[in-house]
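All remarks here apply to the structure that follows.
The values are calculated or read from the model by the stated rules, or taken from the named source; none is laboratory data. What you see is a predicted model, and the numbers here were worked out from it, not measured in a lab. Using ideal geometry, Cβ is built from the backbone for each residue, glycine included, and neighbour counts are taken over all protein chains shown. Accessible surface is based on the protein model in full, side chains and every heavy atom, while ligands, DNA and RNA are left aside. Shrake-Rupley method; radii C 1.70, N 1.55, O 1.52, S 1.80 Å.
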Amino acid sequence: MRHFTKNFTQQEPLDEAAIAAAVEVMQSGRLHRYNTVPGDPGDVALLEREFAEYMDLPYCLACTSGGYALHIALRSVGLLPGEPVLCNAYTLSPVPGAIHNAGGRVVLVDIDDDSRIDLNDLDAAASESGARILMLSHMRGHIADMDAILKICDQHDILLIEDCAHTMGARWKGRLSGSFGQVACFSTQTYKHINSGEGGFLVTRDELTMRRAIVHSGSYMLYDKHLAAPGPDTYGAERLSTPNYSGRMDNLRAAILRPQLRSLDTNVARWLERYQAVANGLTKTPDIKTIERPAHEQFVGSSIQFRVPEFSNQQIVGLVQACAERGVPLKWFGAPEPSAYTSRYDSWHYLGEPRQLPNTARVLSTLCDMRIPLTFNVEDCSLIAELIVEAVQSVKHTASIG
Ligand SMILES: *Cc1c(COP(=O)(O)O)cnc(C)c1O
């Protein structure tokens with residue numbers, strides 16, 4: 001049996017520029033973002049300005065994680081205790097966790113066959129719950145019809161927060177993901193698109209949201225040290241009424257992120273080549289359905305999802321096993337028990353009784369997921385697809401003789 005031997009969780013090493021920048025910060029001893037000297041605003045402030053420029057938005061806050069950014073985003077837009085927050089049911093656990101952390105009540109919304117938020121159910125859930133906030137997770141980089149989302153938000157007077165953990169560098173109809181809502185949050189955790197181990201961004205064009213986010217992050221009234229923020233003399237109302245939820249980014253992380261941000265668009269193109277090699281290979285069997293990617297969705301192919309719609313639970317378990325034997329670790333998002341980063345919405349018991357989500361349960365029951373690290377080349381990706389196709393065929397064969 002052919003076997004793939006590379007590691008699916010191995011990211012690329014940091015380049016020389018990032019390493020040199022990190023060494024410089026360490027030599028300076030000034031790792032805290034506000035520990036600056038005249039003439040040098042520090043890497044965090046510079047990174048914030050550079051990411052804001054990349055996003056073409058005025059404001060950016062760098063913080064400790066993507067989940068932290070989601071949490072303070074909700075607080076900064078004025079979420080009230082117990083208030084409902086809409087959220088697509090297919091996402092990762094930090095999203096409902098952030099809503100819970102901010103004191104909100106999670107209202108899950110169903111998904112469609114392509115794993116994106118179901119627009120009819122969003123409309124229904126908005127009416128039922130009266131929610132003022134939608135936290136839309138562009139899960140695994142799949143971007144919903146943003147024209148329709150904005151229209152629904154407008155009709156229900158809903159404020160949009162985008163979770164862009166998987167869409168940093170992605171565009172929808174030419175517009176960057178993360179520039180549609182009032183706030184967007186990004187992660188710079190190792191498995192996302194730029195890597196500082198842990199880290200996150202909050203971006204917005206709303207002044208009040210930004211002032212609150214900065215004070216929440218633990219700014220100790222050092223607003224003048226921010227370069228992508230409202231002016232330091234505008235914090236009058238927020239400075240004493242906004243709690244400090246300490247979650248700043250440090251200069252060491254920012255130093256290694258700045259060069260990576262400059263390579264982001266190049267890497268988006270590299271991911272696309274690899275994604276397409278896998279996706280093309282998977283078309284060799286009609287049993288596999290990859291998720292439709294509309295032409296106006298410029299996605300980042302850092303992972304791939306596909307369904308084997310005719311497979312039973314048992315066959316999916318067999319497929320995960322057959323792929324593992326070939327060195328290809330698949331994640332099954334529909335597994336009844338949470339496994340590694342996959343957990344199904346009904347395993348988030350702290351949410352209470354979820355709404356009826358018939359499509360999410362059905363779609364996730366045959367949805368498989370695989371990471372595509374940039375340490376793989378295009379040939380690796382073609383081979384992986386062949387191995388998956390082989391595994392699907394072996395499971396079908398077993399079923400027909402068993
Ligand atoms: C990783 C991730 C987050 C949170 O990012 P962290 O930096 O790990 O806190 C949020 N949403 C999704 C969909 C993610 O995958």
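Details
- In Hz, Karplus ³J(HN,Hα) per residue of segment 136-149 (6.51, -1.76, 1.60; θ = phi - 60°; x = Gly, Pro): 9, 8, 7, 4, 6, x, 8, 9, 5, 5, 5, 4, 5, 4
- Each part gets one Cα centre, and for segment 281-302 versus segment 52-68 those centres are 29 Å apart.
- Under 5 Å from the amide H of S303 lie the amide H atoms of I372, each residue being 5 or more positions distant or on a separate chain, with H modelled from the backbone and absent for Pro and chain starts.
- Label reach from R262 (point 7 Å along Cα→C-beta): in segment 40-67, amide nitrogens under 19 Å belong to 40-56.
- Relative contact order (percent, whole number), segment 84-193, Cα cutoff 8 Å, 6+ residue spacing: 23 percent
- Per DSSP, loop trypsin sites (Lys or Arg not before Pro) in segment 1-31 with at most 11 further Cβ within 10 Å: R2
- Averaged over residues, the count of other Cβ atoms within 10 Å places the peptides 98-105, 280-287 in the sequence 98-105, 280-287, highest first.
- Order of exposure, largest accessible area first, which applies to K192, K289 with probe 1.4 Å: K289, K192
- Amide hydrogen neighbours beyond the local backbone of L159, cut-off 5 Å, H modeled: I133, L134
- Sequence-separation-based contact order of segment 159-222, relative, with Cα cut under 8 Å and 6+ spacing, percent: 25 percent
- With all pairs of separate Cα atoms included, segment 131-224 yields a Kirkwood hydrodynamic radius of 14.2 Å.
- Net charge of the neighbourhood of C185, taken over other residues with C-beta under 13 Å away and scored Lys/Arg +1, Asp/Glu -1, is 0.
- Using every pair of distinct Cα positions in segment 1-52, the Kirkwood expression returns a hydrodynamic radius of 13.9 angstrom.
- For the chain: relative contact order, % (alpha-carbon pairs under 8 angstrom, 6 or more apart): 22 percent
- In degrees, nearest ten, helix 66-76 long axis to first principal axis of the chain (Cα): 50 degrees
- Residue-wise HN-Hα couplings along segment 172-181, as the Karplus relation 6.51 cos²θ - 1.76 cosθ + 1.60 with θ = phi - 60° gives them from phi, are 10, 6, x, 9, 5, 4, x, 10, 8, x Hz; Gly and Pro carry x.
- For segment 328-395 and segment 191-238, distance of Cα centres in Å: 35 Å
- With N the number of residues in segment 194-325, Rg(Cα) / (2.2 N^0.38 Å) evaluates to 1.59.
- Accessible surface, the chain, averaged per residue in Å² (probe 1.4 Å): 41 Å²
- Taking the DSSP beta bridges with both ends in the chain, the antiparallel portion is around 65 percent.
- Ratio Rg/Rh [Cα only; Rh per Kirkwood] for the chain: 0.98
- Rounded to whole Hz, the Karplus (6.51, -1.76, 1.60) HN-Hα couplings of segment 276-290, x for glycine and proline: 5, 5, 5, 4, 4, x, 6, 6, 5, 10, x, 6, 9, 10, 7
- Cα-based shape type of segment 1-97, given that a ≥ b ≥ c are square roots of the gyration tensor eigenvalues and the cut on a/c is 1.5: oblate
- Globularity ratio of segment 266-402, using Cα Rg and 2.2 N^0.38 Å: 1.10
- Pairs with C-alpha atoms separated by more than 25 Å, drawn from the list K289/K396; K192/K331; K151/K331; K284/K331, are K151/K331.
- Atom-type composition of the exposed protein surface of the chain places 50 percent of the accessible area on carbon and sulfur (1.4 angstrom probe).
- 0 to 90° range, to nearest 10: angle between helix 16-28 axis and the chain longest Cα axis: 40 degrees
- A Cα-only calculation for segment 99-172 places Rg and Dmax at 12.0, 34 Å.
- D380 - accessible surface, heavy atoms, 1.4 Å probe, Å² rounded to 10: 20 Å²
- For segment 48-185, fraction of C-alpha pairs farther apart than 22 Å, in %: 31 percent
- Overall form of segment 304-359 per C-alpha gyration tensor (a/c, 1.5; a/b vs b/c): prolate
- Solvent-accessible ranking of I401, I388, largest area first, probe 1.4 Å: I401, I388
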